[in-house]
Amino acid sequence: MKKAGKENRSDPGTGKCRLYFTRDYFRKKSRGLGKHLLLIFFSVLALFPIALIFMNSFKQKKFIFAHPFALPNAKTFSLVGYHTVIERSNLFVNFENSIIVTTVSLFFILLFGSMAAYALSGYRFKGNSFFTFYLAIGIMIPIRLGTASLLKLMSSLGLVNTLTGLILIYIAQGLPLTIFILSNFMAQIPGELKDAGRIDGASEYRIYWLVLPLVRPALGAIGIFTMVPIWNDLWFPLIIAPSAKTATITLGVQQFLGQFVSDWNAVLSALVMAVVPILLLYLFFSRQMIKSVTSGALKA
Amino acid sequence: MKNLLSLALFLLIAVSTFGQDKVTLTVESWRNDDLAIWADQIIPAFEKKYPNIHVVFSPTPPAEYNGVLNSKLEGGTAGDLITARPFDASLALYQRGYLADLTTLPGMNNFSAVAKSAWVTDDGKHVFAVPMASVIHGFFYNKDIFKKLNLEVPQTKAEFMQVLEAVKKDGRYVPIAMGTADMWETATMGFQNIGPNNWKGEEGRQALLKGTAKFTDEPYIKTWEELASWAPYLPRGYQAVKYSDAQQLFTLGKAAIYPAGSWEIWLFEKDAAFDLGIFPPPVDRKGDTVYISDHTDIALGMNAATRHPDEAKKFLEWMTTSEFASLYSNAVAGFFTLSNHRITLKDPLANEFLSWRKTCKSTIRNSYQILSRGDQFGAPNLENDLWQVSAAVMNGTMTPEEAGKLVQDHLDKWYKPAK
Amino acid sequence: MCNRRDFLVFNPRTTRKFPFFLVVFLAPAVICYTLFMIYPLIESLRMSFFSTTPENKTVFAGIANYVKLLTDSDLAPRFWGALRNNFVFFIIHMLVQNPIGLLLASLLVSKGKGRSIYRTLLYMPNVLSVVIIGFIWQLILNPLWGVSESILRFVGLGKFFQPWLGLPEYALPTIALISVWQFIGIPMLLFYTALIGIPKEFIEASLVDGCTERQVFWRIKFPLMLPTVGIVSILTFVGNFNAFDLIYTMKGASAGPAYSTDIMGTLFYRTFFGQQLQLGNPNMGATVASMMFLIILFGVLLYTFAFQRRVKNYQL
């Protein structure tokens, strides 16, 4: 790209560009190749650490060190790490907890968030600007800074070491961005639609219910920016709900890694088991997610 | 809408209710290496006697234990039984009301005053943890490597350095398996391991407490100098080598010497495929008195906020019996019971460590009693400072003199010894 | 959002009686958010003005905690050190993550085969937990077992291998680069969104005028993307000054060697929850949290008033 630019004789001094017929077929072709090479380089960089862990988790210990870059084969194959993880860890309970926490949080984030976004984007009323601003503060200020008092609050509500405590925090944490994204989407919905509903005598609640399916494209963006951080959070599980019964997968893996730090097979297998579900989910939804993000959900 | 709401309600209820049949006690600990021993030996033995109590051993890695425990206590999420570090760390927990008073626990009389000394209030009236074990510092060595290279077990510091040099020259093995990445091992397994020979054990420790000795004095500077002199013999990239890396390096037979303590016996005997030997910290001249760190290391207290105080006390009471003393000391070889029960140790290495008590003078780590109280405002305390400076000295980013000055300056700021 | 708010301001019908159904719509979100987000934040601010006596009594302390944090000979170096490291952390992200994100976005925008595959792969590290990422990179960079040395040797750079994570001068940049590796997808996607949002006519017109692709990029596309540059910068700023997990996973709360990887998040954790042989001080912890709050607020305000306002003028 750089090279091609150099050969273009434009006049940077005046800022005026003139037409040169120098970009022939071959240069275009090679530039396309260069772009691909760059993209391939960065993609490999993104993929390689995960692939490395994945490959080596299926090898016997001595081959992990001896040939880290070799694919497992009949001679080096071993599942001992997975056996250790399944026997010694709580990962299945952790999975269950993570799934409960994430889905329940997401459900309420979407429900409460879409209700608030509907009110803020669909009606002009006194205090609209105030509520819009008030609910947006949380996008910038991390909830973590309130950990000290959250902990006290949770313990006075008797919600420490419960998934409910975690869920409530995640709902509060997820709402600001969700409301922001959904408001943007809902503002794009043509007013005629709602007016038509009103003429038919539908209640405002009914109209909300009609509008709701129309923001489906925004779900991908919310998934990426709200759900993934909940699934991956270490902080609140560590502080609010660290017990064995309530530990989420991220905390469970962290503790397992701490305990089995010198058992390489177990460590690699645990990493793979923690990575695979979220990766599958991502690969499955990535097109939708990215489309949703790029469709203008985050336009300021 | 209604359906959705009731589904949501159902989900919330489903989440917040747990079935409870048996009482479950959770044990907080930093001994993640002992996970299997607790799961396979200690807990089954207890549950056999008390079938309606279920015990879960839930360790956190040593370097994170205190921070995580404090946060759990603060939030009321800590387990029912809490493994207690000796002296001030646990005393502070007791004073803040996190640890229950166990003075009247039946079976407490199975421990001597000395054994209890690390878990009592300053006036000696209240005991807040059942002493479990002490650990003895020293060096492990790979007998096979020593035999192969024709090396003698070093007694003096000069001999120690000669051994290191010989291993290095041979080139096949790392002379000392140790890293500085986690920092605590440089302080605990380095500084507190070899230091007592320089500051003459208890004599030096008491002098620090009285304020008649300072970290800028010769014995301390000398200890850091000795640590710094190990640097060329550490594994490549030792600045990023963690505790678990060093353990692994040694058990894989790739290193000759491992500075540590008796608590490693169990792991090493399990993992190492070679003959293990031990030797006490080397002295200046042959025949000098050897001072060893025989540290009252570990005890179990009860979370004052536990919902099952009766069951937790039953467990603690069981821990005062000779059954537990024998089970624990033999299962976790290298942790020596602090109780008065006469038990026999089967492990030869553990017996060898124990035999040093007859020939050497014992002391404990000098940063644990009183001196790490600090100003309680979040500034690094003595123990944290020792981690930082010992690692920095070994990394070559700080001189021993700078280390001594930094540590003493911080100490002087708040510690005014009674004259 | 800006557009809509302007619309509201200028609309004469802005004021209206507050209908009940709006309460129903807003209440759940506002209550939940106020109770579990705003209240804890305010309560934390309040806690920073109190201190706890050895007898566990809480007394009003005014700004004593702040004075101590900023001037105490033991505590202040930790605070300023953490702040400095946090800025280094942020600057590395600004200099590496965002330009590369922009580069990748502009590569993705031009038509080509496999674009969506690249996009999917490049964003992938973002969905992984920091715990896992920290651990994976620690394995890779480990001087005893890691593969980074053999990779370097393979490309003939073996002599440049260092135990980066253990050296005070390299540890922080190394961790920052790992964080860049993880989060590169966010600026990439945001820039990508901005780029595909630029009307094609502009670009075609300027290409006809004879501009090179590079000129088109810098003279037409980039100025139009300035709002996104602003958003990316402020998101990076907030994210970086809120970072904790990665350093905690890789270096522990002590953030060694010699506090060289200590940032505001780890300082907060240590003061609040304590560490080896040391109990935490919740009031001092709240003070550190409040300082983080002020720093983030300052950044956000700077962005809103200095950047966003000015950039708006360039908009079409």
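The values are calculated or read from the model by the stated rules, or taken from the named source; none is laboratory data. Please read all numbers here as calculations on a predicted model, not as lab measurements. With ideal geometry, Cβ positions are generated from the backbone for all residues, glycine too; neighbour counts draw on all protein chains shown. Just the protein is used for accessible areas: all its heavy atoms, side chains included, with ligands, DNA and RNA removed. Shrake-Rupley method; radii C 1.70, N 1.55, O 1.52, S 1.80 Å.
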- Residue count, region C:240-292 (criterion: open to solvent by 10 Å² or more (accessible area, probe 1.4 Å) and among the small types (Gly, Ala, Ser)): 6
- Query: Quick one: in region C:257-290, which of the residues that are more than 19 Å from residue A:144 (Cα to Cα) and in contact (Cβ under 8 Å) with a residue 60 or more places away in the chain is farthest from the other protein chains (Cβ to nearest Cβ)?
  - Reply: C:261
- Message: Test of understanding: among B:115, B:89, which residue is crowded, with 22+ Cβ neighbours inside 10 Å, of a type in the set (A, V, I, L, M) and either within 14 Å of chain A (Cβ to nearest Cβ) or assigned to a helix (DSSP H, G or I) (or both)?
- Response: B:89
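Restricting to region C:84-139, give me the number of residues that are of a type in the set (Phe, Trp, Tyr) and within 8 Å of chain A (Cβ to nearest Cβ).
Going through region C:84-139 one residue at a time, the tally reaches 4.
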- Search result, residues across region A:181-207 that are open to solvent by less than 40 Å² (accessible area, probe 1.4 Å) and closer than 17 Å to residue C:26 by Cα: A:181, A:182, A:183, A:184, A:186, A:204, A:207
- Task: Report, by residue number, each residue of region C:161-171 that is in contact with a helix residue (DSSP H, G or I) (Cβ under 6 Å, 6 or more places away or on another chain) and in a helix (DSSP H, G or I).
- Result: C:164, C:165, C:166, C:170, C:171
- Message: open to solvent by 40 Å² or more (accessible area, probe 1.4 Å), modelled with pLDDT under 90 and either in the same structural domain as residue B:65 (by TED's automatic domain parsing) or assigned to a loop (DSSP other than H, G, I, E, B) (or both): is that true of residue B:375 in this structure?
- Response: yes
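Condition first: in a loop (DSSP other than H, G, I, E, B), within 26 Å of residue B:124 (Cα to Cα) and not assigned by TED's automatic domain parsing to the domain that holds residue B:110. Can you find one or more residues in region B:382-401 that meet it?
No.
Is one or more of the residues making up region A:277-284 open to solvent by less than 50 Å² (accessible area, probe 1.4 Å), among the β-branched types (Val, Ile, Thr) and closer than 30 Å to residue B:58 by Cβ? Step through it out loud before you land on a result.
If we filter region A:277-284 for residues that are open to solvent by less than 50 Å² (accessible area, probe 1.4 Å), which is where we start, we get A:277-279, A:282.
Imposing the further condition that a residue be among the β-branched types (Val, Ile, Thr) reduces the set to A:278.
Within this subset, residues satisfying the condition of being closer than 30 Å to residue B:58 by Cβ are A:278.
So far as region A:277-284 goes, yes, one or more of its residues are open to solvent by less than 50 Å² (accessible area, probe 1.4 Å), among the β-branched types (Val, Ile, Thr) and closer than 30 Å to residue B:58 by Cβ.
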- Out of (1) open to solvent by 20 Å² or more (accessible area, probe 1.4 Å); (2) under 29 Å from residue C:305 (Cβ atoms); (3) within 14 Å of chain B (Cβ to nearest Cβ), what's the single condition that is false for residue C:229? (3)
- Task: Being more than 14 Å from chain A (Cβ to nearest Cβ), among the β-branched types (Val, Ile, Thr) and crowded, with 19+ Cβ neighbours inside 10 Å narrows it down to one of B:136, B:82, so name that one.
- Result: B:136
- Take region A:128-165 and flag every residue that is at the interface with another protein chain (Cβ under 7 Å from one of its Cβ atoms) and surrounded by fewer than 18 Cβ atoms within 10 Å (Cβ to Cβ). A:129
- Query: Across region C:108-130, what is the total count of residues that are of a type in the set (A, V, I, L, M), open to solvent by 10 Å² or more (accessible area, probe 1.4 Å) and over 15 Å from residue C:175 (Cα atoms)?
  - Reply: 3
- Filter result for the condition that a residue is touching a strand residue (DSSP E or B) at 6+ places or on another chain (Cβ under 6 Å) and either open to solvent by 50 Å² or more (accessible area, probe 1.4 Å) or outside any helix (DSSP H, G or I) (or both), over B:316, B:345, B:300: B:300
- Could you please find all residues in region B:235-261 being within 11 Å of chain C (Cβ to nearest Cβ), farther than 17 Å from residue C:166 by Cβ and without any contact (Cβ under 8 Å) to a residue 40 or more places away in the chain? B:252
- Considering residues of region B:355-372 that are open to solvent by 10 Å² or more (accessible area, probe 1.4 Å) and touching a strand residue (DSSP E or B) at 6+ places or on another chain (Cβ under 8 Å) only, the residue nearest to the other protein chains (Cβ to nearest Cβ): B:365
- Kindly check whether there is at least one residue in region A:51-71 that is at the interface with chain C (Cβ under 7 Å from one of its Cβ atoms), buried (at least 20 other Cβ atoms within 10 Å of the Cβ) and not hydroxyl-bearing (Ser, Thr, Tyr). yes
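Where residues in region A:180-201 are of a type in the set (A, V, I, L, M) and more than 12 Å from chain C (Cβ to nearest Cβ), which of them is farthest from residue A:103 (Cα to Cα)?
Here the residue is A:199.
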- Item | Inter-residue pairs, beta-carbon under 6 Å, first under 19 Å from residue B:228 (Cα atoms) and in region B:149-161, second part of a loop (DSSP other than H, G, I, E, B) and basic (Lys, Arg), 6+ apart | B:156/B:286
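With within 19 Å of the chain's Cα centre (by Cα), over 16 Å from residue B:184 (Cβ atoms) and of a type in the set (Gly, Ala, Ser) as the only criterion, which of B:262, B:244 stands out?
On the way: B:244 fails: over 16 Å from residue B:184 (Cβ atoms).
Checking each option against the conditions leaves just B:262.
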- Query: Which one of C:133, C:151 is surrounded by fewer than 23 Cβ atoms within 10 Å (Cβ to Cβ), assigned to a helix (DSSP H, G or I) and not small (Gly, Ala, Ser)?
  - Reply: C:151
- Query: How about region B:384-411: which of its residues are at the interface with chain C (Cβ under 7 Å from one of its Cβ atoms) and more than 18 Å from residue B:213 (Cβ to Cβ)?
  - Reply: B:384, B:387, B:388, B:391, B:392, B:395, B:397
- Which members of region C:69-96 meet the condition of being surrounded by 16 or more Cβ atoms within 10 Å (Cβ to Cβ) and modelled with pLDDT under 90? C:72, C:74, C:75
- Message: Quick check on residue C:222: is it more than 7 Å from every other protein chain (Cβ to nearest Cβ) and within 25 Å of residue C:196 (Cα to Cα)?
- Response: yes
- Within region A:144-162, tally of residues that are modelled with pLDDT under 85 and under 23 Å from the mean Cα position of the chain (by Cα): 3
- Message: For region B:40-56, which positions are open to solvent by less than 20 Å² (accessible area, probe 1.4 Å) and touching a residue at least 24 places away in the same chain (Cβ under 8 Å)?
- Response: B:42, B:46, B:53, B:55
- Would you check if residue C:295 is in contact with a Leu (Cβ under 9 Å, 6 or more places away or on another chain), in contact (Cβ under 8 Å) with a residue 12 or more places away in the chain, away from chain B (no Cβ under 11 Å) and crowded, with 24+ Cβ neighbours inside 10 Å? no
- Message: Regarding region B:265-274, can at least one residue be identified that is in the same structural domain as residue B:157 (by TED's automatic domain parsing) and surrounded by 24 or more Cβ atoms within 10 Å (Cβ to Cβ)?
- Response: yes
